[in-house]
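What follows is a short report on a single structure.
The values are calculated or read from the model by the stated rules, or taken from the named source; none is laboratory data. Keep in mind that what you see is a predicted model, and the values were worked out from it rather than measured. With ideal geometry, Cβ positions are generated from the backbone for all residues, glycine too; neighbour counts draw on all protein chains shown.
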Amino acid sequence: MSQTSRIAVVTGAGSGIGRASALALLGAGWSVALAGRRREALEETAGMAGEAAGRALVVPTDVGDPAAVRALFAAVKEKWGRLDFLFNNAGGNTPGVPIEDLAYEDWARVVQVNLTGSFLCAQAAFRMMKEQSPQGGRIVNNGSISAHVPRPDSVAYTSTKHAITGLTKSLALDGRKYDIVSGQIDIGNAATPMTQRMQRGVKQADGRIAVEPVMDVAHVGSTILMMASLPLDANIQFVTIAASKMPWIGRG
């Protein structure tokens, strides 16, 4: 298929990493379904694409809701008839609290969005990619540096991001027979609304509060575009992109 006919779904496309990735894909000629909870934010992302906005499809979606996920992929199939790339990016967190103080409801909400939401979208993408002709496609999951090492007081987020690595590996193995490939991007301190606190100071492993370096989120978008653009006989299984001086090499 030509580059201009490639079809992508990006979750969490209304801000931050999802927005930057969707704009990078649209700018390179992809057609992109923008999924996220807030229609206004998704429409804002589409508007930022300029002339490419006509290749954006806004689909308000709660990825933790199986019915909403089914509706998202049905809309993609109806409009374009196939799917070449899914970026499983939507995610959430809780305020940092000690594990003994974490409410069950907060734990369950993070698991539902970060892990179950990624599974539901991957499953729906698998079903489309398996049945379409030509068969196959690519799924990239957003792991985060927290898929490697935790921050203090982050048990729910860290647990789900470690689980994403298992999801990525299972998708990669189970997808081989259908030419469905899967990889993971682990991102550290991209400058987004979610990481504004890094620039004010965040808790370190030794209890100190320290300001951390950040990087332009556009670098994440260009990395997603690189991963998405590979032929299906090549795969970036895992890639880590982070602010060069952020404290994760040697964290703790």
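Condition check ((1) basic (Lys, Arg); (2) on the phi > 0 side of the Ramachandran plot) across all residues:
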residue: Lys79; (1), (2): yes, no
residue: Glu100; (1), (2): no, no
residue: Trp107; (1), (2): no, no
residue: Met129; (1), (2): no, no
residue: Gly136; (1), (2): no, yes
Mind listing just one residue for me: the one in the stretch 218-239 that is outside any loop (DSSP other than H, G, I, E, B) and either free of Cβ contacts under 8 Å to residues at least 24 places away in the same chain or among the hydroxyl-bearing types (Ser, Thr, Tyr) (or both) and, of those, surrounded by the most Cβ atoms within 10 Å (Cβ to Cβ)?
Thr223
Members of the stretch 94-138 that are at pLDDT below 95 and either among the hydroxyl-bearing types (Ser, Thr, Tyr) or buried (at least 20 other Cβ atoms within 10 Å of the Cβ) (or both)
Thr94
Quick one: which residue in Ser154, Ser170 is at pLDDT 90 or above and surrounded by 15 or more Cβ atoms within 10 Å (Cβ to Cβ)?
Ser154
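Looking at Thr195, Thr165, which is the one that is at pLDDT 95 or above and either surrounded by fewer than 20 Cβ atoms within 10 Å (Cβ to Cβ) or not small (Gly, Ala, Ser) (or both)? Before the answer, list the steps.
Details: Thr195 fails: at pLDDT 95 or above.
Exactly one of Thr195, Thr165 is at pLDDT 95 or above and either surrounded by fewer than 20 Cβ atoms within 10 Å (Cβ to Cβ) or not small (Gly, Ala, Ser) (or both), namely Thr165.
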Please work out if Gly92 is under 30 Å from Pro152 (Cα atoms) and of a type outside the set (Val, Ile, Thr).
yes
Among (1) of a type in the set (A, V, I, L, M, F, W, C); (2) within 20 Å of Tyr157 (Cα to Cα); (3) surrounded by 18 or more Cβ atoms within 10 Å (Cβ to Cβ); (4) without any contact (Cβ under 8 Å) to a residue 40 or more places away in the chain, there is one condition Met215 misses while meeting the rest; what is its number?
(2)
Test: Gly12 is surrounded by 23 or more Cβ atoms within 10 Å (Cβ to Cβ), closer than 30 Å to Lys203 by Cα, of a type outside the set (D, E, K, R) and in contact with a helix residue (DSSP H, G or I) (Cβ under 8 Å, 6 or more places away or on another chain):
yes
Here the qualifying pairs (Cβ atoms under 8 Å; residues six or more apart or on different chains; first in the stretch 54-79 and over 19 Å from Asn141 (Cβ atoms); second of a type outside the set (Val, Ile, Thr) and at pLDDT below 95) come out as none
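Please verify whether Asp179 is surrounded by fewer than 19 Cβ atoms within 10 Å (Cβ to Cβ) and under 26 Å from Leu115 (Cβ atoms), treating the condition exactly as stated. Break it down stepwise before answering.
Numbers: surrounded by fewer than 19 Cβ atoms within 10 Å (Cβ to Cβ): yes; under 26 Å from Leu115 (Cβ atoms): yes.
Yes: the conditions hold for Asp179.
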Every listed condition ((1) under 23 Å from Pro231 (Cβ atoms); (2) in a helix (DSSP H, G or I)) holds for Gln184 save (2)
